Amino acid sequence: MKKAIFFDLFVAGVILLFFVGCRKNPPVEKKPPLCTSNTAPFNGANVSSASVVLSWSPATGAISYDVYVGSSVANAVKVGSVTAITYNYTIPPSGNATFYWYVVPKNASGSATGCTTSATSFKRIFIVVPPVLNSPLITYFPSYRYVAEYSNSMFAICDVVNYAFADVNSNGTITIANLSRFDSVYQKAKANGAKVFISLAGAANFASVTSSAAGRNNLIKDIMRKVRQHNLDGVDVDWEYPRTSDGTHEYFAALMKELSDSLHVDAKYYLATAITPGIYSGSVRDGIKTEVFNYVDIFHIMAYDDFTTDPQYPFKQHSSLATATASLNYWLNTRGMPKEKCVLGIPAYGRNSGAAQISSSYKNILANGTQLGPAPLHESDSARMTKTDGSVFTTYYNGMFTAVNKTILAKTRCNGVFFWEMGHDTNDQFSLHKAAAIELGKTP
C-alpha cells in the first residue's frame, strides 16, 4: 500500500515538473525567415562582364535562398538556389538590357513572403572600341580663335577638331570655355564632316580630383553629361603631365580606364590624350603606364617644344624631323604603342632658342618674317623676326616642306598627324594643314 502511494506521488511530481519546465521554456514556434536586402551590384549599376556576382545580407533563420532574375520584377524566374549569400549569374548574351533580381530566404517552415519589394536592377552594357580613324588629320581649335577666319575647306580636311579647352574644376566638374565660340566651332566642323572632341585641361585639379575613386567617379559623370548634352564624338585628356614622382601616373591610369569604360559603351565615343614626345627619360615620360595603351584610342604625340635657353645653342630647332623620328622610335618600338593609336604632332608655330622663349605663329612668320636663306618662308624652317621694341630674333618653325615630310613619316610609321593649332596656320595655299591633307590623300 505504501509503495503504491509512493509511486503515485512520484508520477505526480514528474508531471508537475514537466509542466513547470514547459512554462519556463515554452516550445519554439517555427516560422519562415524574413526577406533580405540586396548588397551588390548596387541598384542601377552597369555590368560589362558576361556574368555578375549577386550578393545579399543574411536572413536570420534562413537555411537556403532562392534567386530570381528577370527583365522585370513581375516576370522574374528562379535561376538558382544556394545556401551561401552570393550567386554567380551568367547574363544571357543579348544586347543591352536591364535585369531585375531579388532573393527569397527559406527554412524548414517555408519561404519568406513579399520579397519582390526588395528587388534591385543592373544593366548589361557592352564596352566596345570605336572604329579606328585611318590616317586622320586632327587639329585643335582654341576658344580664343575666330571661327570665321577659317574657311569651310580648312574644316573639311580635318577628321577631328579638338575644341580647347574645358577646364577641370576643383569640385570635379568641367567648364567649357566660351560656349558661344564652342557652338560656332561645333557647327562649322559638323557641317564639313569633321568629328568634334572636347579637350580637357587643368593639371592641378586633375591630380586632386582623380586621387580618389569618388573624385574620378564625379568627374567622369560630369564629362559624360557634357558629352551627351553637346553631342560630342569624343574626349581628349590634356593633363600635361602625370608623373611617377608624385604618384599621379596611377591616378591617370585609373582615370583613363574608367573614362574609357564609359565612353566605349556601344563603341559610341572616342578617348584621346596628349602626351610627351618621350625623348627624355624621367618622371614625366614614365608617367604614361603601358596599360593605358589598352584604354585610349588616339595618342597625340607632342613632338615639339624641344628647345633650350642655353646661349651655347643659338640655332636649336624645337620640332625637327629627327625629334619626330626619335619620338616615334620610343613610343612604337621601345614601349610598344599600337601603331593605329599613334598620331604625330606638328606645330603650326615657331620658337627661338638660346634666350627667353618667344612663340610666333606660322601665319605671323609668313606675314612679318624675313627670309634667311634661299628658300621662301613657307618652305623654310627659320626666319628673322622683329619684336615691337625693335629687337631682332630668329624663330625656328616647320614650313610646308617639313610638314609634308613629317606627314610622310607618320603615314609610314604611325596613323596620321595632328596640329597645334588651326589658329596659328594660314588659310591659303601655304597652309600647313592643307599640305598635310594632300599628302594624306584628302582634297583641300
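Here, each number is a calculation from the coordinates, and none is a lab measurement. This structure is a prediction, so every number in the text was calculated from the model and none was measured. As a convention, Cβ positions derive from the backbone with ideal geometry for all residues, glycine included, and neighbour counts pool all protein chains shown.
Treating only the Cβ atoms of Lys and Arg (+1) and Asp and Glu (-1) as charged, compute the dipole magnitude of the range 79-223 about its Cα centre; round to the nearest 20 debye.
Values: 10 positive and 5 negative charges, 59 e Å.
I would put it at about 280 debye.
What residues qualify as long-range amide H neighbours of Gly345, i.e. H under 5 Å apart, gap of 5 or more or another chain, H built at 1.01 Å from N?
Ile301, Ala303, Phe418
Relative to the compact globular guide of 2.2 N^0.38 Å, what is the alpha carbon radius of gyration of the range 125-280, as a ratio? All intermediate terms of the calculation are to be shown ahead of the outcome.
Details: Rg = 15.5 Å, N = 156, 2.2 N^0.38 = 15.0 Å.
In units of the globular-protein estimate, the range 125-280 measures up at 1.04.
Once you put a point 7 Å from the Cα of Ala375 and another 7 Å from the Cα of Tyr280, both along the Cβ direction, what distance in nm separates them?
2.6
Hull surface divided by four, with the convex hull built on the Cα atoms of the range 137-439: how many nm²?
Numbers: hull surface 62.9 nm².
Seen from a random direction, the Cα hull of the range 137-439 projects 15.7 nm² on average.
Based on the inverse mean of 1/r over its pairs of different Cα atoms, what is the Kirkwood hydrodynamic radius of the range 269-336, in Å?
Averaging 1/r across every pair of different Cα atoms and inverting gives 13.2 Å.
If you restrict to DSSP beta bridges whose two residues both lie in the chain, what percentage is antiparallel, to the nearest 5? Provide the component values of the computation, followed by the final result.
Values: 41 of 78 bridges.
Given both bridge residues lie in the chain, the antiparallel proportion sits at roughly 55 percent.
Taking a spot 7 Å from the Cα of Ser72 along the direction of its beta carbon, which residues of the range 110-152 have an amide N less than 15 Å from it?
In the range 110-152, the label zone of Ser72 (backbone N under 15 Å from the point 7 Å along Cα→Cβ) covers no residue.
Cβ neighbours within 10 Å, averaged per peptide: list 310-317, 115-122, 253-260 in order, most packed at the top.
Values: 310-317: 12.2, 115-122: 17.5, 253-260: 20.2.
The packing order, highest mean first, is 253-260, 115-122, 310-317.
Run the quick spin-label model on His230 and Ser153: label points 7 Å from Cα toward the beta carbon, then report their separation in nm to one decimal.
2.9
Given 5 Å bins starting at zero, what is the percent of C-alpha pairs of the range 219-316 in each, up to the one with the largest pair distance?
3, 12, 21, 20, 16, 11, 8, 4, 3, 2, 0
When the helix-only estimate is applied to the chain (DSSP H runs of n ≥ 4, each -39,500 (n - 2.57), divided by the residue count), what is the mean residue ellipticity at 222 nm, nearest 500 deg cm²/dmol? Numbers along the way, then the final one.
Numbers: 10 runs with 118 residues, N = 444.
Calculated mean residue ellipticity at 222 nm is -8000 deg cm²/dmol.
Only Lys, Arg, Asp and Glu count, each charged at its Cβ (+1, +1, -1, -1), so figure out the dipole size of the range 328-412 about its Cα centre, rounded to 20 debye.
Numbers: 9 positive and 4 negative charges, 57 e Å.
Computed about the Cα centre, the dipole is about 280 debye.
In whole Hz and in residue order, list the ³J(HN,Hα) couplings for the range 292-301 that follow from phi through the Karplus curve 6.51 cos²θ - 1.76 cosθ + 1.60, θ = phi - 60°; x for Gly and Pro.
My calculation for the range 292-301 gives 5, 4, 6, 9, 9, 8, 9, 9, 7, 7 Hz in order.
Return the sequence-ordered ³J(HN,Hα) values of the range 187-203 in whole Hz as given by the Karplus equation 6.51 cos²θ - 1.76 cosθ + 1.60 applied to θ = phi - 60°, using x for Gly and Pro.
Those phi angles translate into 4, 6, 5, 5, 5, 10, x, 8, 7, 10, 10, 9, 9, 9, 9, x, 4 Hz.
Note the direction-averaged projected area, equal to a quarter of the hull surface, for the Cα convex hull of the range 38-124, in nm². Working shown, then result.
Values: hull surface 20.8 nm².
So the mean shadow area of the Cα hull is 5.2 nm².
If you take the beta carbon distance between Lys387 and Asn294 as r and set R0 to 41 Å, what does 1/(1 + (r/R0)^6) give as a FRET efficiency, to the nearest 0.05?
According to the calculation, E is roughly 0.30.
Report the charge-dipole magnitude of the chain in Debye, nearest 20, computed about the Cα centre from +1 at each Lys and Arg Cβ and -1 at each Asp and Glu Cβ.
Numbers: 38 positive and 31 negative charges, 369 e Å.
The calculation lands at about 1780 debye.
Which entries in the list Lys188/Lys442; Lys226/Lys289; Lys226/Lys339; Lys363/Lys434; Lys221/Lys339; Lys78/Lys268 go over 24 Å, if you measure between the two C-alpha atoms of each? Intermediate values should be presented prior to the final figure.
Numbers: Lys188/Lys442 18 Å; Lys226/Lys289 27 Å; Lys226/Lys339 30 Å; Lys363/Lys434 14 Å; Lys221/Lys339 30 Å; Lys78/Lys268 35 Å.
In this structure, Lys226/Lys289; Lys226/Lys339; Lys221/Lys339; Lys78/Lys268 lie more than 24 Å apart at Cα.
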